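Note sheet for the following structure.
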Amino acid sequence: MPFDKNTDKKMGFLTKEYSLGASNQVTTMFLSNKGRYIWINEPYDCHIKDGAFNFSTDNLELVEAGDCLRDAYRAARDKYFPFTGDPIEPKFFATAQYNTWIELMYNQNQKQILEYARKIVELGFEPGILMIDEGWQQNYGIWDWHTGRFPDPKAMVDELHELGFSVMLWVVPWVAADSAAYRQLTMVDWKKHHFLRTKDDKIALMNWWNGVSVLLDSKKEADMEFLGNQLQKLIDEYGIDGFKFDGGSTGAYKECLNGEVDDTYTEFERNRAWNEFGYKYKFHEYKDSYNCAGLSMVSRLCDKLHRWDKNGLNELIPNGLVSGILGYPFICPDMIGGGEYFSFLQPDFKFDQELFIRMCQCSTFFPMMQYSLAPWRVLSPEKLEIAVKYAKLHTEYADYIVNLVNDSVKTGEPIIKMMEYAYPGNGYEYITDQFLLGDDMLIAPVIVKDAVTKDVVLPEGKWQDANGKVYEGPATITVDAPIEVLPYFKKIN
């Protein structure tokens, strides 16, 4: 985005040729900086070519809502996804978050998690939310601790709480077909008709990133009760604060290996139900959400690679900005350094300290920022100081960010904003390497390797940098930005 007369792009949800899937935040609409929007009332495919949108359906609306991008977004929001006003736990925004996935991958274990948490505090990072990721559990579908890797999980959680962390656990709707949970649900509780089924009522075999498993049907009360009971036990017995809800994308409910999936509900309705299931927990996180705009939902961008381009650092700002105008303002820009673990397993992988720091800086003024790779393990002492500095800077602005969040849960206004959204009609629609936090701060991270300066577009008004220097906008300026510097500006009039 933006799309124009030269665009030739296929996107959609119905056929593989067009498929975007929905492995991120999705709302079925298009917005124009001229004040129009298209709302599509069902899943669709679309080919944008020769200045036209060619949809697979006529079940859509083209609305003339006003004169600018902001008018279009607000009109669509008011009609199709007014915000619920439900509060969000402020701890998500007050400090950096920490996730154990890239640091430990499938080797989640009590000893190293405690070492990780203690080191965070020792080095001066503020403790915050700690997410224990995939591998802590006995098996997929058996949501209790792996006793070999977690000999005393209650003591671990207690210590994490004492250190100042809130603790979340990773869960998915999958059930391993060779597990005790599968046997329980198919043999003892068979009358409840558990699991996603095929059209001829066989249990559907589904392929996902860990092989072939069966899938809890998020539209079946008995399935969600089975999962919910296990999660409640973790809360009651171990003091777990909440859960990272992974999987459950639209594709999860679609690709069946032994027939066609029962179509009582679509994969899109099942994804919505999966999101609604976890939404009731005060501490939750999702990254696979189809038409869930308007919910006070904690969302994370899809996994980014450890690289500067092609689904790396270059996509954090544009993806985050688009999420805001799709009705998902409460966004975390994936894990600092990249959360796509395949990046780190390639035979030619080389860790880039500069990239890690620039990702850290880019995340600082997002509503949330999240570490996984232990900075003290991968950074030099000098660059570690930079990482600590920007984690603390995020915390310094916590009240400002939380106030924006509290406003957004009621109004649906984006928290990080496109220049075009806040200052329409100035030709800012192509700017995707800087953003506004609220209305009074402009953030211009360096996203190009080896760059030590940054070209910044300032809109009208007076803007003061971190050193107190004031610039008059509108103007395009070039500022110094060595590795330790994140350019940002406050509006002072």
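The values are calculated or read from the model by the stated rules, or taken from the named source; none is laboratory data. The structure presented is a predicted model; accordingly, all values stated were derived computationally and were not measured. Note: ideal-geometry Cβ built from the backbone for every residue, glycine included; neighbour counts use all protein chains shown.
Keeping to segment 279-300, report how many residues are closer than 19 Å to Ser166 by Cβ, of a type in the set (Ser, Thr, Tyr) and touching a strand residue (DSSP E or B) at 6+ places or on another chain (Cβ under 9 Å).
4
Can you find, within segment 257-272, the residue that is nearest to Lys154 (Cα to Cα) among those that are touching a residue at least 60 places away in the same chain (Cβ under 8 Å) and surrounded by fewer than 21 Cβ atoms within 10 Å (Cβ to Cβ)?
Phe268
For (1) touching a helix residue (DSSP H, G or I) at 6+ places or on another chain (Cβ under 8 Å); (2) hydrophobic (A, V, I, L, M, F, W, C); (3) in a strand (DSSP E or B), each residue gets a yes or a no:
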| position | (1), (2), (3) |
| --- | --- |
| Ser213 | no, no, yes |
| Ala222 | yes, yes, no |
| Gly228 | yes, no, no |
| Leu234 | no, yes, no |
| Thr264 | no, no, no |
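Could you check Trp136 against (1) in contact with an Asp or Glu (Cβ under 7 Å, 6 or more places away or on another chain); (2) free of Cβ contacts under 8 Å to residues at least 40 places away in the same chain and say which number it fails?
(1)
Only one of Gly337, Gly327 is closer than 30 Å to Tyr73 by Cα and part of a loop (DSSP other than H, G, I, E, B). Can you tell me which? If you could, list the steps in order and put the result at the bottom.
Details: Gly337 fails: closer than 30 Å to Tyr73 by Cα.
None of the other options fit; the residue is Gly327.
Would you point out the residue of segment 282-291, among those that are buried (at least 20 other Cβ atoms within 10 Å of the Cβ) and over 16 Å from Gly247 (Cβ atoms), that is modelled with the lowest pLDDT? Outline the logic, then answer.
Taking segment 282-291 as the starting set, the residues that turn out to be buried (at least 20 other Cβ atoms within 10 Å of the Cβ) are 283-291.
Those left that are additionally over 16 Å from Gly247 (Cβ atoms): 283, 291.
Numbers: Phe283: 98, Asn291: 95.
Among those that are buried (at least 20 other Cβ atoms within 10 Å of the Cβ) and over 16 Å from Gly247 (Cβ atoms), it is Asn291.
Could you list all residues from segment 33-76 that are at pLDDT 95 or above, under 24 Å from the mean Cα position of the chain (by Cα) and of a type in the set (Ser, Thr, Tyr)?
Matches in segment 33-76: Tyr73 only.
For segment 194-219, how many residues are of a type outside the set (A, V, I, L, M, F, W, C) and either closer than 16 Å to Gly247 by Cβ or modelled with pLDDT under 95 (or both)?
Narrowing segment 194-219 to residues of a type outside the set (A, V, I, L, M, F, W, C): 194, 197-202, 207, 210-211, 213, 217-219.
Right, trim to either closer than 16 Å to Gly247 by Cβ or modelled with pLDDT under 95 (or both) and you get 207, 210-211, 213, 217-219.
Here the count works out to 7.
So, in segment 69-90, of the ones that are surrounded by fewer than 19 Cβ atoms within 10 Å (Cβ to Cβ) and touching a Phe, Trp or Tyr at 6+ places or on another chain (Cβ under 9 Å), which residue ends up nearest to Pro127 (Cα to Cα)? Steps first, answer last, please.
Of all residues in segment 69-90, those surrounded by fewer than 19 Cβ atoms within 10 Å (Cβ to Cβ) come to 74, 78-80, 82, 84-87, 89-90.
Remaining after also requiring touching a Phe, Trp or Tyr at 6+ places or on another chain (Cβ under 9 Å): 79-80, 86, 89.
Values: Lys79: 40, Tyr80: 38, Asp86: 25, Glu89: 15 Å.
Once the filter is applied, the top-ranked residue is Glu89.
Hey, among the residues in segment 1-52 that are among the aliphatic types (A, V, I, L, M) and out of contact with any helix residue (DSSP H, G or I) (no Cβ under 7 Å at 6 or more places or on another chain), which one's nearest to Asn291 (Cα to Cα)?
Step one: filter segment 1-52 for residues among the aliphatic types (A, V, I, L, M), giving 1, 11, 14, 20, 22, 26, 29, 31, 38, 40, 48, 52.
Those left that are additionally out of contact with any helix residue (DSSP H, G or I) (no Cβ under 7 Å at 6 or more places or on another chain): 11, 14, 20, 26, 38, 40, 48, 52.
Details: Met11: 16, Leu14: 15, Leu20: 14, Val26: 6, Ile38: 14, Ile40: 11, Ile48: 21, Ala52: 24 Å.
Across segment 1-52, the extreme among qualifying residues is Val26.
Among the strands (runs of 3 or more DSSP E) confined wholly to segment 9-114, which include 3 or more residues that are without any contact (Cβ under 8 Å) to a residue 24 or more places away in the chain? If you could, list the steps in order and put the result at the bottom.
Values: elements: 9-12, 29-31, 36-40, 45-49, 52-55, 60-64, 97-99.
Fully inside segment 9-114 and qualifying: 52-55.
Out of segment 417-439, which residues are within 21 Å of the chain's Cα centre (by Cα) and in a loop (DSSP other than H, G, I, E, B)?
Met418, Thr432, Asp433, Gln434, Gly438
Could you tell me whether Val446 is in contact with a helix residue (DSSP H, G or I) (Cβ under 6 Å, 6 or more places away or on another chain), on the phi < 0 side of the Ramachandran plot and either at pLDDT 95 or above or assigned to a strand (DSSP E or B) (or both)? Break it down stepwise before answering.
Working: in contact with a helix residue (DSSP H, G or I) (Cβ under 6 Å, 6 or more places away or on another chain): yes; on the phi < 0 side of the Ramachandran plot: yes; either at pLDDT 95 or above or assigned to a strand (DSSP E or B) (or both): yes.
So Val446 fits the description; yes.
Please indicate, with yes or no, whether at least one residue in segment 420-431 is under 19 Å from Ala96 (Cβ atoms) and surrounded by 15 or more Cβ atoms within 10 Å (Cβ to Cβ).
For segment 420-431, residues under 19 Å from Ala96 (Cβ atoms) and surrounded by 15 or more Cβ atoms within 10 Å (Cβ to Cβ): absent.
Quick one: in segment 468-484, of everything that is of a type in the set (Ser, Thr, Tyr) and exposed (fewer than 15 other Cβ atoms within 10 Å of the Cβ), which residue is nearest to Glu354 (Cα to Cα)? Spell out the reasoning first.
In the first step, residues of segment 468-484 are kept if they are of a type in the set (Ser, Thr, Tyr); the result is 471, 476, 478.
Next, only the ones that are exposed (fewer than 15 other Cβ atoms within 10 Å of the Cβ) stay: 476, 478.
Numbers: Thr476: 25, Thr478: 20 Å.
It comes out as Thr478.
For every residue, the table says whether it meets (1) free of Cβ contacts under 8 Å to residues at least 12 places away in the same chain; (2) in a strand (DSSP E or B); (3) among the hydrophobic types (A, V, I, L, M, F, W, C).
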{"site": "Asn275", "(1), (2), (3)": "no, no, no"}
{"site": "Glu285", "(1), (2), (3)": "no, yes, no"}
{"site": "Lys304", "(1), (2), (3)": "no, no, no"}
{"site": "Trp308", "(1), (2), (3)": "no, no, yes"}
{"site": "Asn311", "(1), (2), (3)": "no, no, no"}
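Condition (residue is at pLDDT 95 or above, part of a helix (DSSP H, G or I), within 25 Å of Ala72 (Cβ to Cβ) and in contact with a Lys or Arg (Cβ under 7 Å, 6 or more places away or on another chain)) applied to segment 406-413: is it met by at least one residue? It would help to see each step written out before you state the result.
Residues of segment 406-413 at pLDDT 95 or above: 406-413.
With the extra rule that they be part of a helix (DSSP H, G or I), the set shrinks to 406-411.
In the following step, the residues that additionally are within 25 Å of Ala72 (Cβ to Cβ) were identified as 406-411.
Now narrow it down to the ones that are in contact with a Lys or Arg (Cβ under 7 Å, 6 or more places away or on another chain): none.
Taking every residue of segment 406-413 in turn, none turns out to be at pLDDT 95 or above, part of a helix (DSSP H, G or I), within 25 Å of Ala72 (Cβ to Cβ) and in contact with a Lys or Arg (Cβ under 7 Å, 6 or more places away or on another chain).
Being in contact with a helix residue (DSSP H, G or I) (Cβ under 6 Å, 6 or more places away or on another chain) and either outside the structural domain of Gly124 (by TED's automatic domain parsing) or of a type in the set (Lys, Arg) (or both) is the filter here; which residues of segment 370-391 pass it? Before you say what the answer is, go through the steps one by one.
Here is the first cut: in segment 370-391, the ones in contact with a helix residue (DSSP H, G or I) (Cβ under 6 Å, 6 or more places away or on another chain) are 372-376, 379, 383-384, 386-387, 390.
Lys383 - this is the single residue of segment 370-391 that is in contact with a helix residue (DSSP H, G or I) (Cβ under 6 Å, 6 or more places away or on another chain) and either outside the structural domain of Gly124 (by TED's automatic domain parsing) or of a type in the set (Lys, Arg) (or both).
Do you know which of the residues in segment 439-467 that are out of contact with any Phe, Trp or Tyr (no Cβ under 7 Å at 6 or more places or on another chain) and closer than 21 Å to Asp399 by Cβ is surrounded by the most Cβ atoms within 10 Å (Cβ to Cβ)?
Asp440
Consider Met368 against the criteria (1) surrounded by fewer than 24 Cβ atoms within 10 Å (Cβ to Cβ); (2) in a loop (DSSP other than H, G, I, E, B): it satisfies all of them except one. Which criterion is unmet?
Condition not satisfied by Met368: (1).
Looking at segment 156-166, can you tell me whether even one residue there is assigned to a helix (DSSP H, G or I) and of a type in the set (Ser, Thr, Tyr)?
Of the residues in segment 156-166, the ones assigned to a helix (DSSP H, G or I) are 156-163.
Still in the running and of a type in the set (Ser, Thr, Tyr): none.
Taking every residue of segment 156-166 in turn, none turns out to be assigned to a helix (DSSP H, G or I) and of a type in the set (Ser, Thr, Tyr).
Could you tell me which numbered condition Asn24 fails, if it satisfies all but one of (1) under 20 Å from Phe330 (Cα atoms); (2) modelled with pLDDT under 95; (3) surrounded by fewer than 18 Cβ atoms within 10 Å (Cβ to Cβ)?
Looking at each condition in turn, Asn24 falls short on (3).
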